[in-house]
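S.K.: The structure's right below; bear with me while I get my questions together.
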Amino acid sequence: MSYTFDTKTDPSLPMVYQIRVKGHLGSQWQDWFGGLTVTLEANGETLLTGPVIDQAALHGLLKKVRDVGLPLLSVIRLQPDQADAPDVQP
């Protein structure tokens, strides 16, 4: 297995992730998910988007998704230029 280091990203900055789950979560879940933005999609999915400080924090967020009981559909690390886009799609 080969890993490459992306020299375009600053390792001192948190990475921005987009977590997609099946079902709708209310905006009251935003604090529980560490301040990630909760976006409800018309297709019945919810996007959780925002900065995640490290891999341990990402795993913690994924545990919370599991605890809520909604099926996890995808986890995507956004590129810095995608992070500010209003309609980021995989």
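The values are calculated or read from the model by the stated rules, or taken from the named source; none is laboratory data. Quick caveat: nothing in here was measured; it's all calculated off a predicted structure. All Cβ positions, even for glycine, are placed from backbone atoms using ideal geometry, and neighbour counts span all protein chains on display. In case anyone asks, the SASA skips ligands and DNA or RNA and just uses the protein heavy atoms, side chains included. Shrake-Rupley method; radii C 1.70, N 1.55, O 1.52, S 1.80 Å.
S.K.: Tally Lys/Arg at +1 and Asp/Glu at -1 over every other residue whose Cβ is under 12 Å from the Cβ of Trp29; what's the total?
M.R.: On the way: positive: Lys64; negative: Asp31, Asp67.
Value of the local net charge: -1.
S.K.: How long is the gain from Leu13 to Asn43 if the chain were fully straight, where each residue apart is worth 0.36 nm and the alpha carbon distance is subtracted?
M.R.: Values: separation 30, 0.36 × 30 = 10.80 nm, distance 3.22 nm.
Separation in residues times 0.36 nm, less the Cα-Cα distance, equals 7.6 nm.
S.K.: Would you mind telling me the share, in percent, of accessible area of the range 16-75 contributed by carbon and sulfur at probe 1.4 angstrom?
M.R.: On the way: 1850 of 3320 Å².
Roughly 56 percent of what the probe reaches on the range 16-75 is carbon or sulfur.
S.K.: Roughly how many nanometres apart are two label points built 7 Å out from the Cα toward the Cβ at Gln79 and Ala56?
M.R.: Label at Gln79, label at Ala56, 3.1 nm between them.
S.K.: Short version: ³J(HN,Hα) in whole Hz for each residue of the range 44-61, in order, from phi by Karplus 6.51 cos²θ - 1.76 cosθ + 1.60 (θ = phi - 60°), x for Gly and Pro, what are they?
M.R.: These are the phi-based 3J(HN,Hα) values: x, 9, 10, 9, 10, 10, x, x, 10, 5, 6, 5, 5, 5, 4, 5, x, 5 Hz.
S.K.: Something else now. Would you please give the residues with an amide H less than 5 Å from that of Gly23, counting only those at least 5 places away or on a separate chain, with H modeled from the backbone geometry?
M.R.: Glu45, Thr46
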